[in-house]
């Protein structure tokens, strides 16, 4: 089934969660003047007041264009504004020059004439770029207090044993994992379908080529993935932070087979380092309104793990007497198609010729799929890759909340197995739930 991956709407944050080391880059305090922000003809009565810029939208498509600023295109930025409005609920930032729909981020306005703060995350701002704010779509009264731009660092964790990074330009998925002090990542990021990321399936495959579906991936099921789509677009970030050793990210994923189509769901991820292991909790929250896909049972990748081509030995335990240190099996598969097997100790690993690599453990999944694509050898950006996914067969409804936990373990088979044996009997979240849950191991505090 998993043969793929070898070939924007944002919401108001009325309580902003600041990443630990976000740096203020630009701040426009409109109580002191217009500061180079100019309105178009759909805006009238444009005045500077003690509350900020006060104006009326008198026609469709009102907007303000800010001054040109020198940005760094390799960085990630969060744009925040404070505004009150009685117009409509549609707000949008355009970024870069020239302005274009593909370089925009929408946010939902609360049009109750009270103050609210809204944030969007943007990347790919070229040097000498500008911002354009569309505060609404139609008529109404708006007051804009300020706009702030913060540099947001990539989310990174290092505990002295492992180093890990989450890619905010790719849905916050795990893009880098290595022993501390090493500069060689064990994770393959050749395209948007790689990484270590969330991936879910619902419904039967359907042909949507007339709507922009890739012919390579047609027909295809409903398949939101964390990083982006087969066309190279990336999933926008809704929220991110690092606190007390835990990294958190929330994104609006894209449908893998489609051309920049937002999936009607959110994905969240909590990540923490524990010695030579990475503990992850994932959550999918669906709010689908489509009627395209009938309800069916589908395999779910929990998660999808893609490693560098140097890790080309796929090992697991498939015996009938687990938890007794029995002999492991090396699976020889040149996929796709990938190999399916039952891992009776709920783990599998990809190792290099010296027996060092990455294992994945999901105690709620005995069935696995995986293999190796390409020629042995290769690093993070190369085409060759190893693949593992613990899988469960689940039906995802239009309003499903699905949670699960897993671990990545860096080391030898002995290290992987020693960790897995230490976790035997420990309960991990796994499966659909009517309300989101929290586990004792990951308890983020939103402030």
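Each reported figure results from applying straightforward, stated rules to the coordinates on display, with no laboratory input. Because the structure is predicted, anything quoted here is derived from the model rather than measured. Neighbour counts are summed over all protein chains in view; Cβ atoms, including those assigned to glycine, are modelled from backbone coordinates with ideal geometry.
Results, tabulated for the structure shown:
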read-out	value
Viscosity 1.002 mPa s, 20 °C: Kirkwood-radius Stokes-Einstein D of region 323-435 over Cα pairs, µm²/s	139 µm²/s
Gyration tensor (alpha-carbon) shape descriptor, the chain, a/c threshold 1.5	prolate
Ratio of Rg to Rh over region 342-396 (Cα coordinates, Kirkwood Rh, two decimals)	1.03
Label zone at residue 88, where the point sits 7 Å out along the Cα-to-Cβ direction: region 105-129 residues whose backbone N lies under 18 Å	105-113
Volume in Å³ per residue [convex hull over Cα atoms, computed for region 150-203]	114 Å³
Extent along principal axes [Cα atoms of region 198-248; Å; largest to smallest]	46, 21, 15
Relative compactness, region 22-152, computed as alpha-carbon Rg over 2.2 N^0.38 Å	0.97
Scaled radius of gyration (Cα, divided by 2.2 N^0.38 Å) that region 144-253 gives	1.29
Cα centroid of region 249-300 to Cα centroid of region 88-112, whole Å	24 Å
Highest average packing first - 84-97, 325-338, Cβ atoms within 10 Å	84-97, 325-338
Spherically averaged projected area of region 251-354 from its Cα convex hull (nm²)	10.0 nm²
